[in-house]
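**Student:** Can you keep this structure in mind? I'll have questions shortly.
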Amino acid sequence: MMTFDEALKTAAEKVHDRPRTAGRLSGKIAVVTGGAQGFGFGIAQAMYREGACVMIADMNAETGVAAAKALGERADFAFVNVGDEESVKALMAATVERFGGIDVFFANAGVAKAGDLDAMTAQTFDFVTTVNYKGYFLCAKYASAVMKAQFAADNTLWHDIVQMSSKSGLVGSKANFAYAGSKFGGIGLTQSFALELAPYQIKVNAICPGNYYDGPLWSDPERGLFVQYLNAGKVPGAKTVEDVKEFYLSKSPIHRGCLPEDVAKAIFYCVEQLYETGQAIPVTGGQVMLA
Ligand SMILES: NC(=O)c1ccc[n+]([C@@H]2O[C@H](COP(=O)([O-])OP(=O)(O)OC[C@H]3O[C@@H](n4cnc5c(N)ncnc54)[C@H](O)[C@@H]3O)[C@@H](O)[C@H]2O)c1
């Protein structure tokens with residue numbers, strides 16, 4: 001296993017060693033944290049289809065290995081716990097060892113633990129903050145080091161760090177402040193990293209999606225949020241999961257949930273656009289509108 005310092009050297013040496021693929025991410029090496037399932041997996045599929053080599057990085061090795069296999073030979077799996085510094089460093093080294101560098105880092109791993117002020121424990125608050133906020137800092141710290149080494153080897157190159165925020169990073173979320181706070185905070189990091197990393201031609205942007213109702217977070221029949229909200233009586237008058245779903249769908253003028261493909265298009269825009277950084281881009285079907 002390569003050390004992190006060896007990875008920096010190798011990334012600089014192999015900066016032009018990229019597969020000749022076609023598509024909007026042709027010849028790019030992408031990392032997707034939390035890529036084993038949900039949004040991350042769908043976006044990893046879209047990146048792969050657009051020509052990227054994709055490292056699926058996740059805590060769930062079983063699902064992650066299967067996800068990488070499902071993509072094909074330009075994909076692989078690496079274990080990571082984004083809240084753990086050594087684990088994040090090891091992910092960067094594993095990616096450089098496998099593919100030769102890192103061009104696009106998508107910090108997607110995230111957890112949601114709802115609860116009002118009475119219910120939220122300090123322990124749960126720390127858990128959400130560690131994964132969603134500190135985890136993004138650690139990923140940006142070590143991914144940007146690899147990208148800086150690549151830029152030092154060829155100063156015509158541009159690289160991207162993209163943070164998976166949420167519409168709850170743009171507007172507050174009732175009884176869900178641990179999550180919303182971590183996503184708002186992440187946008188503060190995104191803006192600050194963008195200022196710091198622009199001289200190295202590393203763009204840093206956030207995507208703020210609406211709810212992915214078809215994904216496991218919402219639709220899991222036992223633990224999904226639709227069932228949880230029905231059982232908790234969160235939607236007044238709702239008698240079925242369908243009632244709860246309609247309540248949420250009606251919040252977007254474009255009357256459907258967000259899909260991985262919608263988010264992937266925003267990421268491709270960030271990568272292709274060389275004249276924008278530090279932005280938080282909503283993908284919410286019009287539920288959240290910027291001034
Ligand atoms: N689902 C939604 O409606 C929605 C809406 C807006 C934003 N988001 C954001 O999208 C991202 C993905 O959400 P999802 O709905 O696909 O979630 P999900 O629970 O379906 O998948 C999350 C993945 O992240 C992995 N993961 C969790 N903690 C990790 C850690 N510490 N290190 C590495 N991997 C870890 C899990 O194993 C899982 O594979 C999150 O950042 C979430 O906040 C989700």
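The values are calculated or read from the model by the stated rules, or taken from the named source; none is laboratory data. Everything numeric here is computed off the predicted structure, so don't read it as measured data. Every residue, glycine as well, gets a Cβ built from its backbone with ideal geometry; the counts of neighbours run over all protein chains shown.
**Student:** Can you tell me which residue among ARG74, ARG49 is in contact with a helix residue (DSSP H, G or I) (Cβ under 7 Å, 6 or more places away or on another chain), at pLDDT 95 or above, of a type in the set (D, E, K, R) and in the same structural domain as ILE267 (by TED's automatic domain parsing)? Before the answer, list the steps.
**Tutor:** Details: ARG49 fails: in contact with a helix residue (DSSP H, G or I) (Cβ under 7 Å, 6 or more places away or on another chain).
Going through ARG74, ARG49 in turn, the sole match is ARG74.
**Student:** Follow-up. State yes or no: is ALA68 buried (at least 21 other Cβ atoms within 10 Å of the Cβ), closer than 29 Å to ALA153 by Cα, among the hydrophobic types (A, V, I, L, M, F, W, C) and out of contact with any Leu (no Cβ under 8 Å at 6 or more places or on another chain)? Working first, answer last.
**Tutor:** Numbers: buried (at least 21 other Cβ atoms within 10 Å of the Cβ): yes; closer than 29 Å to ALA153 by Cα: no; among the hydrophobic types (A, V, I, L, M, F, W, C): yes; out of contact with any Leu (no Cβ under 8 Å at 6 or more places or on another chain): yes.
No; evaluated as a whole, the condition is false for this residue.
**Student:** Going by the conditions given, is VAL271 touching a strand residue (DSSP E or B) at 6+ places or on another chain (Cβ under 7 Å) and either closer than 29 Å to ASP103 by Cα or not in a loop (DSSP other than H, G, I, E, B) (or both)?
**Tutor:** On the way: touching a strand residue (DSSP E or B) at 6+ places or on another chain (Cβ under 7 Å): yes; either closer than 29 Å to ASP103 by Cα or not in a loop (DSSP other than H, G, I, E, B) (or both): yes.
The answer is yes for VAL271.
**Student:** Taking the stretch 206-219 as the region of interest, how many residues are outside any loop (DSSP other than H, G, I, E, B) and either within 7 Å of the ligand (Cβ to nearest atom) or within 29 Å of THR240 (Cβ to Cβ) (or both)?
**Tutor:** 5
**Student:** Which residue is nearest to the chain's Cα centre (by Cα), if the candidates are limited to the stretch 97-132 and must be of a type in the set (Gly, Ala, Ser) and within 23 Å of GLY210 (Cβ to Cβ)? Please lay out each step first, then the result.
**Tutor:** So in the stretch 97-132, the residues of a type in the set (Gly, Ala, Ser) come out as 100-101, 107, 109-110, 112, 114-115, 119, 122.
Pick out the ones that are also within 23 Å of GLY210 (Cβ to Cβ) and you get 107, 109-110, 112, 114-115.
Values: ALA107: 4, ALA109: 6, GLY110: 8, ALA112: 14, ALA114: 20, GLY115: 23 Å.
Among those residues, the one meeting the criterion is ALA107.
**Student:** Considering each of LYS183, LYS203, LYS148 in turn, give the residue that is of a type in the set (D, E, K, R), under 21 Å from THR284 (Cβ atoms) and either away from the ligand (no atom under 12 Å from the Cβ) or surrounded by 19 or more Cβ atoms within 10 Å (Cβ to Cβ) (or both).
**Tutor:** Values: LYS203 fails: under 21 Å from THR284 (Cβ atoms); LYS148 fails: under 21 Å from THR284 (Cβ atoms).
Going through LYS183, LYS203, LYS148 in turn, the sole match is LYS183.
**Student:** Looking for whichever is free of Cβ contacts under 8 Å to residues at least 12 places away in the same chain, part of a helix (DSSP H, G or I) and more than 25 Å from TYR136 (Cα to Cα) here; the options are GLU246, GLU196, GLU222. Which one fits?
**Tutor:** Numbers: GLU196 fails: more than 25 Å from TYR136 (Cα to Cα); GLU222 fails: part of a helix (DSSP H, G or I).
Only one candidate passes the filter, namely GLU246.
**Student:** Let me ask something additional. Please report, ordered by residue number, the strands (runs of 3 or more DSSP E) entirely within the stretch 35-117 with at least 3 residues that are more than 15 Å from the ligand (Cβ to nearest atom), in contact with an Asp or Glu (Cβ under 7 Å, 6 or more places away or on another chain) and within 28 Å of ILE187 (Cβ to Cβ). Give the steps one after another, and end with the answer.
**Tutor:** Details: elements: 53-58, 75-79, 104-107.
In the stretch 35-117, there are no strands (runs of 3 or more DSSP E) which contain 3 or more residues that are more than 15 Å from the ligand (Cβ to nearest atom), in contact with an Asp or Glu (Cβ under 7 Å, 6 or more places away or on another chain) and within 28 Å of ILE187 (Cβ to Cβ).
**Student:** Has the stretch 30-43 got at least one residue that is more than 17 Å from the chain's Cα centre (by Cα) and assigned by TED's automatic domain parsing to the domain that holds LYS141?
**Tutor:** no
Yes/no matrix, rows are residues, columns are (1) over 28 Å from ALA280 (Cα atoms); (2) at pLDDT below 95; (3) in contact with a strand residue (DSSP E or B) (Cβ under 6 Å, 6 or more places away or on another chain):
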{"residue": "GLU85", "(1), (2), (3)": "no, no, no"}
{"residue": "LYS89", "(1), (2), (3)": "no, no, no"}
{"residue": "GLY101", "(1), (2), (3)": "no, no, yes"}
{"residue": "ALA119", "(1), (2), (3)": "yes, yes, no"}
{"residue": "GLN123", "(1), (2), (3)": "yes, no, no"}
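**Student:** With the checklist (1) more than 22 Å from MET59 (Cβ to Cβ); (2) surrounded by 17 or more Cβ atoms within 10 Å (Cβ to Cβ) in hand, flag the one item ALA107 doesn't pass.
**Tutor:** (1)
**Student:** May I pose another question? Looking at the stretch 131-143, can you tell me whether even one residue there is touching a Pro at 6+ places or on another chain (Cβ under 8 Å) and closer than 25 Å to LEU290 by Cα?
**Tutor:** Here is the first cut: in the stretch 131-143, the ones touching a Pro at 6+ places or on another chain (Cβ under 8 Å) are none.
No: zero hits.
**Student:** What do you reckon, is GLY27 in the same structural domain as ILE161 (by TED's automatic domain parsing) and part of a loop (DSSP other than H, G, I, E, B)?
**Tutor:** Values: in the same structural domain as ILE161 (by TED's automatic domain parsing): yes; part of a loop (DSSP other than H, G, I, E, B): yes.
So GLY27 fits the description; yes.
**Student:** Within the stretch 206-225, is there a residue that is modelled with pLDDT of 95 or more, more than 14 Å from the chain's Cα centre (by Cα), of a type in the set (S, T, N, Q) and surrounded by fewer than 21 Cβ atoms within 10 Å (Cβ to Cβ)?
**Tutor:** No, the stretch 206-225 contains no residue that is modelled with pLDDT of 95 or more, more than 14 Å from the chain's Cα centre (by Cα), of a type in the set (S, T, N, Q) and surrounded by fewer than 21 Cβ atoms within 10 Å (Cβ to Cβ).
**Student:** Hey, another quick one. Based on this model, can you work out whether ALA11 counts as in the same structural domain as LYS265 (by TED's automatic domain parsing), assigned to a helix (DSSP H, G or I), among the aliphatic types (A, V, I, L, M) and over 17 Å from the mean Cα position of the chain (by Cα)? Can you show your working first?
**Tutor:** Numbers: in the same structural domain as LYS265 (by TED's automatic domain parsing): yes; assigned to a helix (DSSP H, G or I): yes; among the aliphatic types (A, V, I, L, M): yes; over 17 Å from the mean Cα position of the chain (by Cα): yes.
Taking the combined requirement at face value, the residue satisfies it.
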